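Participant: Here it is: the structure, laid out below.
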Amino acid sequence: MTIATAKNNPRNTYTATGGQTVFTIGFEFFATSDIKVFRNGTALTYNAAPSSVAQFSVEGVANASDSAYEFGSGGTITLGGGATADDSIVIVRDIVVERTTDFTPAASFDVTALNTQLDTLMAMMAEREESTSRSIRLPLSETTATFNMEIPAKADRLGKLLQFNSSTGNPEVTTFELSGITASSAELNILDGCTLSTSELNQFDGFTIADEDDMSSNSATKLSTQQSIKAYVDSQVASSDTLAELTDTNVTYPADASLLFYDTATSKWIDNVISGDATVADTGVLTIASGAVETAMIAADAITGAKIADDAVDSEHYTDGSIDTAHIGDSQVTTAKIAADAIDATKIADDAISEEHLDPSVISGLSDATIAGADHLMFFDATDSQLKKVDAAELGVGSALTDVVGDTSPQLGGNLDVNGQDIVSTSNADIDIIPDGTGDVNLGADTVQVGDNNANATITTQGTGDLTLNTNNGTNSGSIVIADGANNDISLTPNGTVMSLLMD
């Protein structure tokens, strides 16, 4: 395919916007390796998966009407990171000068390969033309019939300047010379790095050197020597060696310890003595009046322990709340420094009192007291790992332990010894002994007495159940004896019509 001029300019230049990564390739190319990219004059590196702004990838776009192996519609390059605003991005085509395809009479003729080879040659020519246009060359309009633009050999041009002959215009080398100047190379190098323009350098044209200690000529076109400048300055300073000789001072009759101040009203330096809260003696001693320094004038952390005299701070200098734990040194608080009743519960931190802080003699020295129901007892709760209080009444403790009314389900931890007392009830109430479920009531005694003293006694069942008397835990392997102690009859009185058995 033919290569149009618009597609054969092998250079695209862009000014990037902030963060821009994609730039168009506006010319034809044949392979990824043909593309070179520069950012602000620095060559970037090709990478199929670029990871920074120093790398780029290439995406070519083929042209359907091309009959050559090439990217006829150009393509794009993508940076691995966003460019900075106003970055200069230059994309060039740089094909290696070589021929990669040979056509032989015996082989089949590949028209596409031929077109590719011809397009490549045209692209190389365009690159050489673009490169030549950026070189030093004679203009096409040059009318000189004969010229030689070849520069001298390396050995002849080393350390020399390149100039053009004033007659032929041909390049030649020369050394730098200043007519009539005897300065050394080191002295001439004082201008090295200067950026003065020609017009600025020409300001020295016509200047001469004047060696005048008194600068009497007052010339606008002469330069003074170092010696004459020093002599003139020394003479002027020597003639004005007092304050009164200065033109911008107003010194009257200074008193002791006077200082020099600048007065903007008169634009002069004037003498005065410091007064007010601070004064200065002629010896240089500064005195600050009593009470002149207020709290607002003292910077934070400006006063350290080294600046406070021994015993200078007493209780009247402390404000309420100004001393906290951070301001108290280790072991500085002793018993003598604690006022009576000064420490209450609000001043004791959580977990601050451990076993080592308790004095056993304090408890042994306490007198006995009767415990009332409203009194409190202290316990350690193992579940919550903390001390708790409980009212004595909650434990059934009053003036003395008399009943267990407060416990709705009391249990014995051992045998109950009646200690010569009875188990009684009040208000003619029954005393019930009721085992749980199939439990029995065992009376472990040889004799069981029932009934009040000298009163008839009754053993009965609750409800309609039978009353059974047996021996040996229900095995009936024993005798049931009913005895009367007063030679009286034993009566069996059933509830119904039966025979009464009377026995002597």
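The values are calculated or read from the model by the stated rules, or taken from the named source; none is laboratory data. Since the structure is predicted, the reported quantities are computational estimates derived from the model, not experimental observations. Every residue, glycine among them, receives a Cβ derived from its backbone with ideal geometry; neighbour counts consider all protein chains shown. SASA here: full protein model, heavy atoms, side chains in, ligands and nucleic acids out. Shrake-Rupley method; radii C 1.70, N 1.55, O 1.52, S 1.80 Å.
Participant: State all residues of the stretch 163-186 that are assigned to a loop (DSSP other than H, G, I, E, B), of a type in the set (Gly, Ala, Ser) and at pLDDT 65 or above; if no residue qualifies, say none.
Facilitator: Correct list: SER166, SER167, GLY169, SER184.
Participant: Moving on to the next point. Within the stretch 103-135, track down each residue that is among the charged types (D, E, K, R) and modelled with pLDDT of 75 or more. Write out each step before concluding.
Facilitator: Restricting attention to the stretch 103-135, the residues satisfying the condition of being among the charged types (D, E, K, R) are 110, 119, 127-130, 134.
Within the stretch 103-135, ASP119, GLU127, ARG128, GLU129, GLU130, ARG134 meet the criteria.
Participant: If I ask for residues that are open to solvent by less than 50 Å² (accessible area, probe 1.4 Å) and touching a residue at least 40 places away in the same chain (Cβ under 8 Å), which ones from the stretch 29-62 would you list?
Facilitator: PHE29, PHE30, ASP34, ILE35, VAL37
Participant: When residues of the stretch 371-386 are filtered for being assigned to a loop (DSSP other than H, G, I, E, B) and hydrophobic (A, V, I, L, M, F, W, C), how many remain? Give the steps one after another, and end with the answer.
Facilitator: Start the filter on the stretch 371-386 by keeping residues that are assigned to a loop (DSSP other than H, G, I, E, B), which leaves 371-375, 382-385.
This time we only want the ones that are hydrophobic (A, V, I, L, M, F, W, C), so: 371-372, 374, 382.
Matching residues across the stretch 371-386 total 4.
Participant: Give the residue, chosen from THR76, THR24, that is over 20 Å from MET124 (Cα atoms), of a type outside the set (Phe, Trp, Tyr), open to solvent by less than 70 Å² (accessible area, probe 1.4 Å) and in a strand (DSSP E or B).
Facilitator: Result: THR76 is the single residue among THR76, THR24 that is over 20 Å from MET124 (Cα atoms), of a type outside the set (Phe, Trp, Tyr), open to solvent by less than 70 Å² (accessible area, probe 1.4 Å) and in a strand (DSSP E or B).
Participant: Are any residues in the stretch 79-134 closer than 19 Å to PHE38 by Cα, open to solvent by 40 Å² or more (accessible area, probe 1.4 Å) and not in a helix (DSSP H, G or I), and if so, which ones?
Facilitator: GLY82, THR84, ALA85, ASP86, SER88, ASP94, VAL96, ARG134
Participant: Here's a follow-up. What about THR461, is it loosely packed, with under 10 Cβ neighbours inside 10 Å and over 60 Å from the mean Cα position of the chain (by Cα)?
Facilitator: In short, yes.
Participant: All but one of (1) over 30 Å from VAL390 (Cα atoms); (2) basic (Lys, Arg); (3) exposed (fewer than 10 other Cβ atoms within 10 Å of the Cβ) hold for LYS268, so report the exception by its number.
Facilitator: Of everything listed in (1) over 30 Å from VAL390 (Cα atoms); (2) basic (Lys, Arg); (3) exposed (fewer than 10 other Cβ atoms within 10 Å of the Cβ), LYS268 misses just condition (3).
Participant: In contact with a strand residue (DSSP E or B) (Cβ under 6 Å, 6 or more places away or on another chain) and modelled with pLDDT under 95: is that true of GLY74 in this structure?
Facilitator: Yes.
Listed here are the residues, each with its yes/no results for (1) within 30 Å of LEU286 (Cα to Cα); (2) exposed (fewer than 11 other Cβ atoms within 10 Å of the Cβ); (3) modelled with pLDDT under 80; (4) within 60 Å of the chain's Cα centre (by Cα).
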site	(1), (2), (3), (4)
ILE209	no, yes, no, no
SER224	no, no, no, no
SER239	no, yes, yes, no
SER258	yes, no, no, yes
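Participant: Could you check ASN189 against (1) modelled with pLDDT under 75; (2) among the polar types (S, T, N, Q); (3) open to solvent by less than 70 Å² (accessible area, probe 1.4 Å) and say which number it fails?
Facilitator: Condition (3) is where ASN189 drops out.
Participant: If you don't mind, there's one more thing I want to ask. What number of residues within the stretch 47-67 are outside any loop (DSSP other than H, G, I, E, B) and closer than 24 Å to ASP119 by Cα?
Facilitator: Residues of the stretch 47-67 that are outside any loop (DSSP other than H, G, I, E, B), as a first pass: 55-60.
If we keep only those that are closer than 24 Å to ASP119 by Cα too, we end up with 57-60.
Final tally of qualifying residues: 4.
Participant: Select from the stretch 469-482 the residues that are open to solvent by 90 Å² or more (accessible area, probe 1.4 Å) and more than 15 Å from VAL441 (Cβ to Cβ) and list them in ascending order.
Facilitator: LEU469, ASN472, ASN476, SER479, ILE480, VAL481, ILE482, listed by residue number.
Participant: For the structure I just gave you, tell me whether ALA68 is in contact with a helix residue (DSSP H, G or I) (Cβ under 8 Å, 6 or more places away or on another chain) and at pLDDT below 80.
Facilitator: yes
Participant: Which members of the stretch 135-161 meet the condition of being closer than 30 Å to ASP94 by Cα and outside any loop (DSSP other than H, G, I, E, B)?
Facilitator: Answer for the stretch 135-161, where residues must be closer than 30 Å to ASP94 by Cα and outside any loop (DSSP other than H, G, I, E, B): just LYS154.
Participant: Considering only residues that are open to solvent by 100 Å² or more (accessible area, probe 1.4 Å) and within 42 Å of the chain's Cα centre (by Cα), which ones fall in the stretch 327-342?
Facilitator: Hits for the stretch 327-342 are HIS327, ASP330, SER331, GLN332.
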